[in-house]
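For reference, the structure is listed below as structure tokens.
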Amino acid sequence: MKKTLLIIAAAVLTIGANAQVVPSPFWTNQSAGYANVSTGTQWFSVVNANVVWALGYDGTSPTSNFNEFTRTTNGGTTYTAGLVYPDTMTYHPSSIEGIDANTCWVTSYLNTTLNKGAIHRTTNGGVTWTNMTPANMYTNTTSWGDFTCFLTPTVGITLGDPVLGEFEIHRTMNGGATWTMVPGASIPNPQGGEYGITDLFTKFGTNDIWYGTNLGRVFHSSNQGVTWSVSTVISGSYITKLAFRDAMNGIVYTNSTTNPAYRTTNGGVSWTAINPIDPNMGKNDICAIPGTNIYASAGAGMGNNVISYSTDDGSTWTSWGGSNVQYLCIEFANNSVGYAGGFTDALTPGVDGLFKYSGVPLGVSNVSGTPLASLEMYPNPTSGMVTIDLAPTKEGGTLTVIDAMGKVVYSENIRNVGFEKHSLNLEGLAKGIYSVNVVRAGRTETKKIVIQ
């Protein structure tokens with residue numbers, strides 16, 4: 001079955017030599033090491049703060065069959081790129097899942113017939129890849145390898161499109177040495193014409209996994225893929241991205257033109273539209289930042305070149321600043337180390353395929369329950385002079401002011417760690433709505449302020 005959503009998030013490189021690229025001050029450019037110029041980082045697998053695996057695609061022709069991967073084991077200081085398959089005619093990659101610095105899985109479908117599929121594994125850092133597909137996996141003409149996901153180094157699943165009225169899901173309990181098909185009775189039946197989406201899944205902890213479909217439904221397993229439930233987010237629309245910050249709270253993007261974003265507070269049993277949509281929300285990818293209640297998003301193209309975060313479950317998004325940088329995917333290892341994928345572009349300085357978060361630690365541990373730092377501003381609205389009340393901490397931090405277009409218009413380092421009142425002069429800014437973002441002691445808070 002040919003999928004119309006194969007590259008819904010695969011933007012085309014549009015930054016030219018004359019574009020003014022302004023990198024985000026909170027993200028450091030890294031060289032992905034891809035062999036081809038204009039390669040986009042399509043999918044990430046951030047194993048930990050130091051180990052990242054990624055798959056690239058042709059940024060000038062997203063339908064071309066690339067099978068180039070890149071990997072770092074030192075936090076992005078260096079990346080080593082290579083090919084998953086010896087040719088570009090047999091397999092087309094559909095997802096990547098890293099296990100550790102040496103072990104990684106790539107799922108694929110057949111490039112010529114656009115169906116069936118395979119799972120390949122490397123255990124030597126990508127030097128060689130071995131076909132680990134058992135004889136009963138992805139062989140039907142309606143099969144399609146969507147993704148492989150490991151909840152632990154030994155327990156994983158791989159998802160394929162429906163065959164004979166049942167989603168094709170296989171589980172492994174031994175690191176992928178052998179796979180067992182999940183009985184159809186344990187999976188809700190697909191609707192007519194329903195299928196999964198390449199690399200469209202998210203997981204939390206060692207038990208919960210979710211995946212989305214082309215008919216606006218989200219499937220969930222809370223027991224490592226043994227049994228599944230399903231809910232409808234919005235009928236007739238694709239689920240394009242999804243992320244969960246814990247077992248109960250999640251956000252999905254859809255391709256709906258009326259209500260594209262939704263959130264859940266009960267693990268995906270029911271969904272509520274996020275309305276209105278903040279223009280700073282990146283629509284290419286979304287992720288939860290581990291150990292926090294914060295989501296991050298990435299956007300590319302069509303006025304959505306933005307990288308941002310939300311501390312209120314997607315209601316509002318604060319841009320990390322910068323302009324004319326296309327962000328394709330985003331994932332964090334913890335609250336201080338994150339990676340974002342972009343394009344390699346020989347004509348544009350500062351665009352080398354990958355970015356690493358370089359700001360202060362974000363949020364606060366869910367376990368401690370400590371609230372975010374108190375932030376009060378007055379007067380609001382203001383003609384320019386603002387007083388900010390801050391709770392004293394033992395550390396300094398950063399303060400940034402961001403306009404409605406996501407551009408950082410003011411920033412400063414907070415060095416006086418003991419003060420409670422801080423004066424801010426914004427008289428030089430145009431009238432409008434701005435976001436004031438303060439990060440201190442690993443805690444983040446954002447407030448809107450109106451200049452009139």
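The values are calculated or read from the model by the stated rules, or taken from the named source; none is laboratory data. Bear in mind that the values here come from a model prediction, so they are computed numbers and not experimental data. Cβ placement follows ideal geometry from the backbone for every residue including glycine, while neighbour counts extend to all protein chains displayed.
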Of the numbered conditions (1) of a type in the set (S, T, N, Q); (2) in a strand (DSSP E or B); (3) surrounded by fewer than 22 Cβ atoms within 10 Å (Cβ to Cβ), T70 fails exactly one; give the number of that condition. (3)
Is it true that some residue in the range 271-287 is assigned to a loop (DSSP other than H, G, I, E, B), of a type in the set (A, V, I, L, M, F, W, C), surrounded by fewer than 24 Cβ atoms within 10 Å (Cβ to Cβ) and at pLDDT 95 or above? yes
What number of residues within the range 109-152 satisfy the criterion of being within 16 Å of T88 (Cα to Cα), among the aromatic types (F, W, Y) and not in a loop (DSSP other than H, G, I, E, B)? 1
How about the range 85-108: which of its residues are in a loop (DSSP other than H, G, I, E, B) and either in contact with a Leu (Cβ under 7 Å, 6 or more places away or on another chain) or modelled with pLDDT under 95 (or both)? Y85, P86, D87, T88, M89, T90
Has the range 59-70 got any residue that is in contact with a strand residue (DSSP E or B) (Cβ under 6 Å, 6 or more places away or on another chain) and touching a residue at least 60 places away in the same chain (Cβ under 8 Å)? yes
Tell me yes or no: at least one residue of the range 111-130 is β-branched (V, I, T), surrounded by fewer than 20 Cβ atoms within 10 Å (Cβ to Cβ) and touching a strand residue (DSSP E or B) at 6+ places or on another chain (Cβ under 7 Å). yes
Can you name the residue in the range 337-361 that is out of contact with any Leu (no Cβ under 6 Å at 6 or more places or on another chain) and closer than 14 Å to C287 by Cα and is also surrounded by the most Cβ atoms within 10 Å (Cβ to Cβ) among such residues? A340
Is it the case, given these coordinates, that D208 is closer than 18 Å to W271 by Cα, acidic (D, E), crowded, with 21+ Cβ neighbours inside 10 Å and in the same structural domain as T107 (by TED's automatic domain parsing)? yes
Taking the condition at pLDDT 90 or above, under 20 Å from F44 (Cα atoms) and in a loop (DSSP other than H, G, I, E, B), does Y309 pass? no
